[in-house]
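Novice: Before I ask anything, let me first share the structure, which is written out below as structure tokens.
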Amino acid sequence: MKKIEKRTVLCLILAAALVAGLGVFCFKFVFQGGNWVSFAANRHLYNSSGQLTVVRVLDRNGDVLSWAEEDGTRTYYDGGPNHRRAILHAVGDPAGRIGTGALVAFADKLSGYNLLTGTQTLSGQDNDLTLTIDDELNYTAYMALNGRKGAVGVYNYRTGEVVCMVSSPTFDPLDPPTIEESDSRYEGVYLNRFLSSTFTPGSVFKTVTLAAAIDHLDDLFARTWTCTGSTQVGDGVVTCPRAHGELDIQGALTHSCNGVFALLAAELGADTMTQYVQKAGLTSSYTVSGLSTAAGRYDVSTASDYQLGWSGVGQYTDSVNPCAVMVYMGAIANGGRAAVPQLILSTRGALGINISPYLRRSTGRLLDRDTADTIAQMMVRNVTDYYGSSRFPAVTVGAKSGTAEVGSDQSPHAWFAGFVLDEDYPYAFAVLVENGGSGADAAGSVAAAVLDALVNGTA
């Protein structure tokens with residue numbers, strides 16, 4: 001009798017394991033089936049070179065960026081090599097080495113997979129994947145970078161649609177180069193710098209220090225400072241490129257006075273600064289249509305007052321992701337919240353039904369509303385009083401430049417980040433030019449070209 005009971009228990013355990021395993025399989029089949037079928041070894045979808053033989057990839061205006069010929073060979077936009085270089089990190093390369101490219105990242109959607117018919121759509125035809133990007137805007141950004149390494153991003157901070165995403169260096173997918181490890185021209189070419197890299201922020205970070213100071217220092221707008229070019233902070237001296245003279249907080253932001261913001265960071269303290277950097281989303285990772293952005297770094301746990309001061313200036317060990325900076329700029333413009341970026345506009349079959357509708361998601365609150373509105377107006381004054389509103393005709397732009405020191409033997413990284421406040425153009429942007437020198441000059445000129453194309457239709 002005992003033997004029968006033991007065998008019964010064993011059979012029940014085995015049956016339970018079978019049911020559990022079947023449940024796991026069904027769950028993965030329903031929710032991960034697209035990933036299974038989009039595996040590169042599936043010859044129903046890929047040719048012998050590992051290239052997708054199905055579907056078209058389009059930009060937001062309907063321009064076809066990539067498609068498969070009848071023989072299964074994948075080809076790319078016929079607008080010229082620089083157009084193809086500009087969209088490489090959004091679309092992908094023939095070898096599938098760019099993980100953020102649509103041909104790799106969105107292969108399950110490109111395959112037309114569904115639970116009923118597998119990789120064959122209900123209509124019997126492949127899907128069209130439409131990205132949010134504008135290929136002409138990407139082209140403008142790429143040409144403005146002029147061969148320099150860097151990243152450019154522009155998105156609608158209300159809808160989340162990324163209209164421009166450029167990473168450089170790049171190459172023509174129809175004529176991929178033979179890349180040697182020692183060839184600096186293609187260093188990091190397979191990496192999407194906008195989504196997947198972090199960089200020293202320099203003075204664009206002062207907007208975070210400013211937010212903390214506005215919230216915690218009641219007399220901030222009544223204070224004045226005298227900048228002589230060097231400021232004692234703790235046991236060290238924080239320097240500015242030149243003496244700025246007497247400044248209020250607006251002047252300190254406009255002239256990007258390192259001394260003032262270092263003093264503010266030291267006064268606020270490590271805990272408050274850390275809290276505001278985290279709240280701003282600069283140490284978190286965003287999910288952009290399923291793609292995770294690189295998380296930034298801010299660690300002042302063992303910093304001296306002097307080091308904390310430099311961290312408030314965007315130096316020390318600070319690092320940020322360009323996409324996260326862009327989103328933070330959108331939150332400043334939009335009352336403290338912004339939409340999470342997206343890259344997929346729609347996925348449609350022959351019947352015209354969108355099988356991957358986008359549900360807008362918010363970041364949550366990155367800044368208090370009043371603080372965001374105050375900083376937005378201060379950044380607008382940066383443009384009108386310093387950068388020059390003539391660089392951005394027909395729209396109201398707020399911006400902050402950054403010149404990030406990255407070593408005595410290298411030129412600084414150049415940053416220019418901000419937003420458009422006009423109701424018809426709710427866009428935020430971030431431009432990084434690696435070792436570009438002056439942020440206002442090198443990165444600012446790229447931003448001006450891209451915004452002109454976006455707003456005035458010169459793309």
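The values are calculated or read from the model by the stated rules, or taken from the named source; none is laboratory data. Everything quoted here is computed from the prediction, not taken from an experiment. Methodologically, a virtual Cβ is constructed for each residue, glycine included, from the backbone with ideal geometry; neighbour enumeration extends over all protein chains shown.
Novice: Got at least one residue in segment 270-288 being over 26 Å from the mean Cα position of the chain (by Cα) and buried (at least 16 other Cβ atoms within 10 Å of the Cβ)? Spell out the reasoning first.
Specialist: From segment 270-288, those over 26 Å from the mean Cα position of the chain (by Cα) are 270-271; that's our starting set.
Applying the additional criterion that residues be buried (at least 16 other Cβ atoms within 10 Å of the Cβ) yields 270.
Scanning segment 270-288, I find at least one residue that is over 26 Å from the mean Cα position of the chain (by Cα) and buried (at least 16 other Cβ atoms within 10 Å of the Cβ), so the answer is yes.
Novice: Moving on to the next point. Taking the criterion of being within 25 Å of R242 (Cα to Cα) and either surrounded by 24 or more Cβ atoms within 10 Å (Cβ to Cβ) or of a type in the set (D, E, K, R) (or both), would at least one residue in segment 417-427 satisfy it?
Specialist: Narrowing segment 417-427 to residues within 25 Å of R242 (Cα to Cα): 417-418.
Remaining after also requiring either surrounded by 24 or more Cβ atoms within 10 Å (Cβ to Cβ) or of a type in the set (D, E, K, R) (or both): 417-418.
Yes: segment 417-427 contains one or more residues that are within 25 Å of R242 (Cα to Cα) and either surrounded by 24 or more Cβ atoms within 10 Å (Cβ to Cβ) or of a type in the set (D, E, K, R) (or both).
Novice: Then there's this: Just name the residue that is farthest from R348 (Cα to Cα) out of those in segment 68-113 that are part of a loop (DSSP other than H, G, I, E, B), small (G, A, S) and modelled with pLDDT under 85.
Specialist: Filtering segment 68-113 for residues part of a loop (DSSP other than H, G, I, E, B) gives 69-73, 77-80, 87, 92-101, 106, 111-113.
Narrowing further to those that are small (G, A, S): 72, 79-80, 92, 95-96, 99, 101, 111-112.
Remaining after also requiring modelled with pLDDT under 85: 72, 111-112.
Numbers: G72: 20, S111: 11, G112: 9 Å.
Going through the qualifying residues, I end up with G72.
Novice: Within segment 384-410, take every residue that is more than 25 Å from V327 (Cβ to Cβ) and either among the charged types (D, E, K, R) or within 23 Å of the chain's Cα centre (by Cα) (or both) and give me the one that is surrounded by the fewest Cβ atoms within 10 Å (Cβ to Cβ).
Specialist: Taking segment 384-410 and keeping what is more than 25 Å from V327 (Cβ to Cβ), we get 385, 388, 390, 393, 407-410.
Narrowing the set further to residues that are either among the charged types (D, E, K, R) or within 23 Å of the chain's Cα centre (by Cα) (or both) leaves 385, 409.
On the way: D385: 13, D409: 5.
So, considering only residues that are more than 25 Å from V327 (Cβ to Cβ) and either among the charged types (D, E, K, R) or within 23 Å of the chain's Cα centre (by Cα) (or both), the one surrounded by the fewest Cβ atoms within 10 Å (Cβ to Cβ) is D409.
Novice: Looking at (1) touching a residue at least 12 places away in the same chain (Cβ under 8 Å); (2) out of contact with any Leu (no Cβ under 6 Å at 6 or more places or on another chain), find the lone condition where A212 falls short.
Specialist: With (1) touching a residue at least 12 places away in the same chain (Cβ under 8 Å); (2) out of contact with any Leu (no Cβ under 6 Å at 6 or more places or on another chain) applied to A212, the lone miss is (2).
Novice: Which of the residues belonging to segment 289-315 are part of a loop (DSSP other than H, G, I, E, B), surrounded by fewer than 21 Cβ atoms within 10 Å (Cβ to Cβ) and of a type in the set (S, T, Y)? Step through it out loud before you land on a result.
Specialist: Step one: list which residues in segment 289-315 are part of a loop (DSSP other than H, G, I, E, B), which gives 289-290, 293-296, 298-304, 313-315.
Pick out the ones that are also surrounded by fewer than 21 Cβ atoms within 10 Å (Cβ to Cβ) and you get 290, 295, 299, 301-304.
Once the filter is applied, which keeps residues that are part of a loop (DSSP other than H, G, I, E, B), surrounded by fewer than 21 Cβ atoms within 10 Å (Cβ to Cβ) and of a type in the set (S, T, Y), segment 289-315 yields S301, T302, S304.
Novice: Which residue, of G296, G281, G290, is farther than 21 Å from G259 by Cα and at pLDDT below 95?
Specialist: Details: G296 fails: at pLDDT below 95; G281 fails: at pLDDT below 95.
Within the list G296, G281, G290, the selection yields G290.
Novice: Just wondering, is there one or more residues in segment 438-446 that are within 23 Å of A151 (Cα to Cα), of a type in the set (G, A, S) and surrounded by fewer than 23 Cβ atoms within 10 Å (Cβ to Cβ)?
Specialist: To start, the set of residues in segment 438-446 that are within 23 Å of A151 (Cα to Cα) comprises 438-446.
Pick out the ones that are also of a type in the set (G, A, S) and you get 438-440, 442-445.
Checking which are surrounded by fewer than 23 Cβ atoms within 10 Å (Cβ to Cβ) leaves us with 438, 445.
Taking every residue of segment 438-446 in turn, at least one turns out to be within 23 Å of A151 (Cα to Cα), of a type in the set (G, A, S) and surrounded by fewer than 23 Cβ atoms within 10 Å (Cβ to Cβ).
Novice: I would also like to ask the following. Checking V163 against (1) part of a strand (DSSP E or B); (2) under 28 Å from A303 (Cα atoms), which single condition isn't satisfied?
Specialist: For V163, the exception is condition (2).
Novice: For segment 165-212, give me each residue that is surrounded by fewer than 24 Cβ atoms within 10 Å (Cβ to Cβ) and of a type in the set (F, W, Y).
Specialist: Once the filter is applied, which keeps residues that are surrounded by fewer than 24 Cβ atoms within 10 Å (Cβ to Cβ) and of a type in the set (F, W, Y), segment 165-212 yields F171, Y186, Y190, F199.
Novice: Then there is this: Which ones in segment 82-106 are on the phi > 0 side of the Ramachandran plot and within 18 Å of the chain's Cα centre (by Cα)? First the steps, then the outcome.
Specialist: Of all residues in segment 82-106, those on the phi > 0 side of the Ramachandran plot come to 92, 96.
Within segment 82-106, G92 is the sole residue that qualifies.
Novice: Pairs only if they're at least six apart or on different chains, beta carbon under 7 angstrom, first in segment 271-293 and β-branched (V, I, T), second modelled with pLDDT of 95 or more and part of a strand (DSSP E or B); list them, first residue then second.
Specialist: That search, which allows pairs on different chains as well, returns T283/R297; V288/Q342.
Novice: Looking at (1) modelled with pLDDT of 75 or more; (2) among the aliphatic types (A, V, I, L, M); (3) over 26 Å from the mean Cα position of the chain (by Cα), which is the one condition that is false for V30?
Specialist: Unmet condition: (1).
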